[in-house]
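Written out below as structure tokens is the structure these notes cover.
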Amino acid sequence: MEDNKDNNQTSEHPKPKFINAEKFLDTFTKQVNDPGWIEIRRQNGADTVVYTLGSGSSNVETDAINFLWPNAKKFAVDPDNTGKMAAEYFGFNFITKSATDPTIYQEGGQELNPDLVIIRNPKPTGDSEMWTEAIRLAWEKMKPGGILYVTASSNEREKNSEILSNALNKSEEEFIDSWKVNPQTLGLGAFPDQIVICLKK
């Protein structure tokens, strides 16, 4: 009986397809620190709106969020088409535009207000102004109670804190102290997910 029950649970609720997506999801759910926030948005189905900005060719967050909220409206935004195939495989609408373009938050003439905006491993060197504007815009469009979730490499803590400070008009020190060490470091490329910050609007 127990074996059948476990098998049924596995078939009804499969894990994300990739181990790095499982790691990402584990850290994310712990950082949110409120299971009710996640569950309410699961129940809201297509009324839940998720964006990943600058996702590139990564399938990590698209796999994780598709598992968490399969019925949500999901969008991956990047001027580079490299990640299009992976994003669409996991049910994301891929938008080939800059994250600073306000039209990314529109669909069929209606404005979309995110519950969650994910930015994995921004590369602020040389792109500070772009990321500042992208985060400011995402925060402006986000629903009250929505979450901005950012991962970064530890050597970019101060630069990313400066960007968040400029975008959200808060002190840089507040952000520097809010980063948490990620126990599930993905270690992908030159910008691993070593630290995370979870900001609720």
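Protein chains only, probe 1.4 Å: how do LYS15, LYS23 rank by accessible area, largest first?
LYS15, LYS23
Quick query: amide H of ASN182 versus all other amide H atoms, modeled in the peptide plane; which residues come in under 5 Å with a sequence gap of 5 or more or a different chain?
Amide H neighbours of ASN182: ILE195, VAL196.
Among GLY54, GLY126, GLY45, determine the one that fluctuates most according to a GNM of the chain built with springs between C-alpha atoms less than 10 Å apart.
Taking springs between Cα atoms under 10 Å, the residue moving most is GLY126.
Could you give me the ³J(HN,Hα) list for region 166-174, computed from phi with Karplus coefficients 6.51, -1.76, 1.60 and θ = phi - 60°, whole Hz, x at Gly and Pro?
With the stated coefficients, region 166-174 comes to 5, 6, 10, 6, 10, 5, 4, 4, 4 Hz.
With every protein chain present, what is the per residue accessible area of region 74-201 (1.4 Å probe, Å²)?
It amounts to 47 Å² per residue over region 74-201.
Could you work out the relative contact order of region 126-201, using alpha carbon pairs under 8 angstrom and six or more residues apart, expressed as a whole percent?
That works out to 40 percent.
Work out how far the C-alpha atoms of region 112-161 reach from end to end along every principal axis, then list the three figures in whole Å, largest first.
31, 19, 13
Positive end of the charge dipole of the chain (Lys, Arg +1 and Asp, Glu -1 on Cβ, about the Cα centre): tell me which of ASN182, LEU68, ILE119 has its Cα farthest that way.
It is LEU68.
Please report the relative contact order for the chain, taking Cα pairs under 8 Å with a sequence separation of at least 6, and give it as a percent rounded to a whole number.
Reported relative contact order: 18 percent.
To the nearest 20 debye, what charge dipole does the chain have about its Cα centre, counting +1 at the Cβ of each Lys and Arg and -1 at the Cβ of each Asp and Glu?
160 debye
For region 102-201, evaluate the Debye formula with one uniform point scatterer on each Cα (no solvent term) and list log10 I(q)/I(0) at q = 0.13, 0.21 Å⁻¹, rounded to two decimals.
Rounded to two decimals, the profile gives -0.45, -1.09.
Take GLU88 and SER128, extend 7 Å from each Cα along the Cα→Cβ direction, and tell me the distance between the two endpoints in nm.
Those two pseudo-labels are separated by 3.8 nm.
How much of the accessible area of region 148-201, in percent, comes from carbon and sulfur atoms when a 1.4 Å probe is used?
Reported share for carbon and sulfur atoms: 43 percent.
Between ARG157 and ILE176, what is the label-to-label distance in nm when each label sits 7 Å out along the Cα-to-Cβ direction?
Placing both labels 7 Å along Cα→Cβ, they lie 1.0 nm apart.
The values are calculated or read from the model by the stated rules, or taken from the named source; none is laboratory data. Because the structure is a prediction, the values reported are computed rather than measured. Quick reminder, even Gly has a Cβ in these numbers, built from the backbone with ideal geometry, and neighbours come from all protein chains shown. All accessible areas refer to the heavy atoms of the entire protein, side chains included, with ligands and DNA or RNA removed. Shrake-Rupley method; radii C 1.70, N 1.55, O 1.52, S 1.80 Å.
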